[in-house]
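Working notes, structure below.
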Amino acid sequence: CALPISDFAAVTAIGARVFAPFDAAYARKCLAAAQRAWAWLERNPDIMFRNPAGITTGDYGDSHCGDEHLWAAAELARATNAPVYSTYFLAHYREFLPAINPANPPSWSMLAPLALWTYALSPHANAEAADAIRRASIDAANQIAARAAAHPYRTALTSKDYIWGSNAVAANYALQLLIADLFAPTPRYTAAALDQLHYLLGRNTLSLSFVTQVGERYPLHPHHRPSGADNIDLPWPGLLVGGPNPGRQDAYMKRLVAPDTPRAKSYIDVQGAYACNEVAINWNAPLL
């Protein structure tokens, strides 16, 4: 779908809002770009993105653009308070409210929670819509915090969350808890969010920090090509690797990780094991 344009509209609208106090000219440039992107989306709502012929790397393909479009509308509504954006958001947000739930935090393929949260945090928000978003967020956070408190390692991960990029799932649960804390300040939300950071930094079944050069033991061989090519022994610092993944979708994991390995231990520190040791910007983002 046209998600690169939708995401571009959203992030440049954020840029307009964030940079305004520091660089007004750049903020205006961002806002103009966001508004042009939105105008293009209105003219071309059904264009589907696919990698060009001959490109075989992953394209992060998505068959449904509605969540990205909603995010663009929400960010532009917050940045401008213009009716065209809020009208679109209010016409579509209800169908995406279930995206805020305790078992599926936001991900690269489901950005509706980002749209809902930024709208509810806006000073221009419609009261009814904002209240519905707040209630959904608080209900989900209560369940996430309770689940984490009951786990021996205090992680919010469920058995199905051990996927390619499971560490990003843990980090996104923390993000979800911190957003709920903005709506209703609650110590157990922030405590549970911190517990997810503890998990990522070593309080896990491997006693391993999943962030390079942080902690006593951390990955030395992430699937990060600049780290592998710079002739320096240590990897670049601050990179969150994907983490345990019983799916074992690469040749190294298939060979070195037994199929009956407990899911929380399905990890190897091998550069070629991209299914568990890859790094990605959409994993580092919720870590930060």
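The values are calculated or read from the model by the stated rules, or taken from the named source; none is laboratory data. What you see is a predicted model, and the numbers here were worked out from it, not measured in a lab. With ideal geometry, Cβ positions are generated from the backbone for all residues, glycine too; neighbour counts draw on all protein chains shown. Accessible surface is based on the protein model in full, side chains and every heavy atom, while ligands, DNA and RNA are left aside. Shrake-Rupley method; radii C 1.70, N 1.55, O 1.52, S 1.80 Å.
Side notes on the structure shown:
- Hits in the range 144-176 (condition: of a type in the set (Ser, Thr, Tyr) and either in a helix (DSSP H, G or I) or in contact with an Asp or Glu (Cβ under 8 Å, 6 or more places away or on another chain) (or both)): Thr155, Ser159, Ser166, Tyr173
- For the range 62-109, filtered to residues that are open to solvent by 40 Å² or more (accessible area, probe 1.4 Å) and part of a loop (DSSP other than H, G, I, E, B), the residue that is farthest from Ala136 (Cα to Cα) is Ser63.
- Filter pass, Ala127 being touching a residue at least 12 places away in the same chain (Cβ under 8 Å) and either closer than 18 Å to Ala174 by Cα or not charged (D, E, K, R) (or both): no
- The residues of the range 18-56 that are open to solvent by 80 Å² or more (accessible area, probe 1.4 Å), closer than 18 Å to Thr80 by Cβ and in a helix (DSSP H, G or I), listed by number, are Phe19, Tyr26, Arg28, Lys29, Arg36, Glu42.
- In the range 211-288, counting only helices (runs of 4 or more DSSP H) that sit wholly within it, the ones holding 1 or more residues that are at pLDDT below 95 span 225-229, 281-287.
- All conditions but one from (1) closer than 27 Å to Asn277 by Cβ; (2) surrounded by fewer than 23 Cβ atoms within 10 Å (Cβ to Cβ) apply to Thr190; the one that does not is (1).
- Screening Thr118 on (1) at pLDDT 95 or above; (2) farther than 21 Å from Ala285 by Cα; (3) among the polar types (S, T, N, Q) shows it passes everything except condition (2).
- Scan the range 46-105 for residues that are without any contact (Cβ under 8 Å) to a residue 12 or more places away in the chain and in contact with a Ser or Thr (Cβ under 9 Å, 6 or more places away or on another chain) and the total you get is 1.
- Considering the range 229-272, and only residues there that are small (Gly, Ala, Ser) and under 23 Å from Thr158 (Cα atoms), the residue that is surrounded by the most Cβ atoms within 10 Å (Cβ to Cβ) turns out to be Gly243.
- On inspection, Ile179 qualifies as in contact with a Phe, Trp or Tyr (Cβ under 6 Å, 6 or more places away or on another chain), open to solvent by 10 Å² or more (accessible area, probe 1.4 Å), closer than 19 Å to Leu287 by Cβ and outside any loop (DSSP other than H, G, I, E, B).
- Taking first residues from the range 202-223 that are under 14 Å from Trp236 (Cα atoms) and surrounded by 16 or more Cβ atoms within 10 Å (Cβ to Cβ) and partners that are modelled with pLDDT under 95 and not β-branched (Val, Ile, Thr), the Cβ contacts under 8 Å between residues at least 6 apart in sequence or on separate chains come to His221/Gly228.
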